[in-house]
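The values are calculated or read from the model by the stated rules, or taken from the named source; none is laboratory data. Keep in mind that this is a model prediction, so the values were computed, not measured. Using ideal geometry, Cβ is built from the backbone for each residue, glycine included, and neighbour counts are taken over all protein chains shown.
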Amino acid sequence: MIIRKLFEFENAHIVRNCSSKRCKTSIHGHSYKIEIFLESSMLDHAGMVYDFGLLKQEVRQIIDSFDHAITLFKDDDKQYLEDMKKHSKRFVILPVNASAENFCRVFFVLIDTLLKQTKMQNGEQGVKLQSIIVHETRTSYAQGFREDAYNKNLTQINLEEIEFSPEIKADWTDRDFFEKLKNGSTFINKKEI
């Protein structure tokens with residue numbers, strides 16, 4: 001069985017090296033919609049794959065980290081990166097270009113890692129991230145699956161190479177959230193929210 005949860009966030013970027021002149025040469029923003037698809041062949045004590053309320057905890061925190069932020073590609077022009085960091089309190093630096101396709105891969109790795117490190121409290125079993133859809137515009141989206149997120153032929157999404165600005169970290173319920181995610185700490189779902 002598959003369940004879906006939709007989140008929204010506002011973000012700015014430049015997608016270097018693409019065909020569209022406006023896209024590759026000018027900072028621009030999108031009202032993103034991101035769909036998270038979870039699957040399991042089992043149901044929890046309440047007859048659910050995964051309580052939607054639980055997705056409003058750490059998963060929402062991951063998505064919200066990109067809200068009203070600029071996403072930067074670590075290999076972009078060094079002066080540009082420094083200027084953006086100087087003039088924007090909310091920024092995320094990624095090891096890949098900030099395309100919708102790469103957003104799918106980044107979000108997949110972040111959320112997949114979180115799910116693998118989460119101790120369930122309500123009988124959830126075998127819950128896996130099935131796919132992610134990132135809507136960049138009303139008419140355009142990219143969908144990513146496990147084989148896309150971990151594709152050996154593409155630049156790997158290494159959590160160590162993702163950087164969140166201090167302003168973003170200050171908004172987290174636990175300022176060490178990302179460090180815990182990177183070092184394999186266990187996250188425990190609340191029994192009741």
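Taking LEU54, is it out of contact with any Phe, Trp or Tyr (no Cβ under 7 Å at 6 or more places or on another chain) and farther than 20 Å from ARG146 by Cβ? Considered against the rule, which asks whether it is out of contact with any Phe, Trp or Tyr (no Cβ under 7 Å at 6 or more places or on another chain) and farther than 20 Å from ARG146 by Cβ, LEU54 comes out as yes. Contact map, segment 26-39: first residue more than 19 Å from ARG90 (Cβ to Cβ), second residue assigned to a loop (DSSP other than H, G, I, E, B) and aliphatic (A, V, I, L, M), Cβ cut-off under 6 Å, separation 6 or more or different chains; pairs are LEU38/VAL49; LEU38/VAL127. Annotation for segment 42-63: at least one member residue is of a type outside the set (D, E, K, R), under 14 Å from GLU10 (Cα atoms) and without any contact (Cβ under 8 Å) to a residue 60 or more places away in the chain. Of everything in segment 101-145 that is among the charged types (D, E, K, R) and without any contact (Cβ under 8 Å) to a residue 12 or more places away in the chain, the residue that is nearest to TYR50 (Cα to Cα) is LYS116.
Here are ARG16, ARG90, ARG105: which of them is at pLDDT below 95 and of a type in the set (Lys, Arg)? Selected residue: ARG16, the only one of ARG16, ARG90, ARG105 that is at pLDDT below 95 and of a type in the set (Lys, Arg). Annotation: of all residues in segment 1-47 being of a type in the set (A, V, I, L, M) and in a loop (DSSP other than H, G, I, E, B), the one that is farthest from LEU81 (Cα to Cα) is ALA46.
Among the residues of segment 23-43, are any under 20 Å from ASP112 (Cβ atoms) and loosely packed, with under 14 Cβ neighbours inside 10 Å? Yes, segment 23-43 contains a residue that is under 20 Å from ASP112 (Cβ atoms) and loosely packed, with under 14 Cβ neighbours inside 10 Å. Would you check if LYS56 is more than 20 Å from TYR141 (Cβ to Cβ) and among the charged types (D, E, K, R)? Yes, satisfied.
Please pick out the residue among PHE108, PHE37, PHE73 that is touching a helix residue (DSSP H, G or I) at 6+ places or on another chain (Cβ under 6 Å) and aromatic (Phe, Trp, Tyr).
Details: PHE37 fails: touching a helix residue (DSSP H, G or I) at 6+ places or on another chain (Cβ under 6 Å); PHE73 fails: touching a helix residue (DSSP H, G or I) at 6+ places or on another chain (Cβ under 6 Å).
Within the list PHE108, PHE37, PHE73, the selection yields PHE108.
Consider segment 162-192. How many of its residues are acidic (Asp, Glu) and in contact with a strand residue (DSSP E or B) (Cβ under 7 Å, 6 or more places away or on another chain)? Of the residues in segment 162-192, 1 are acidic (Asp, Glu) and in contact with a strand residue (DSSP E or B) (Cβ under 7 Å, 6 or more places away or on another chain). Hey, could you check segment 52-72 for residues that are part of a loop (DSSP other than H, G, I, E, B) and modelled with pLDDT of 95 or more and say which is nearest to LYS190 (Cα to Cα)? Looking at residues that are part of a loop (DSSP other than H, G, I, E, B) and modelled with pLDDT of 95 or more, I get SER65. For segment 73-96, taking the residues that are assigned to a helix (DSSP H, G or I) and out of contact with any Phe, Trp or Tyr (no Cβ under 9 Å at 6 or more places or on another chain), the one that is surrounded by the most Cβ atoms within 10 Å (Cβ to Cβ) is identified as TYR80.
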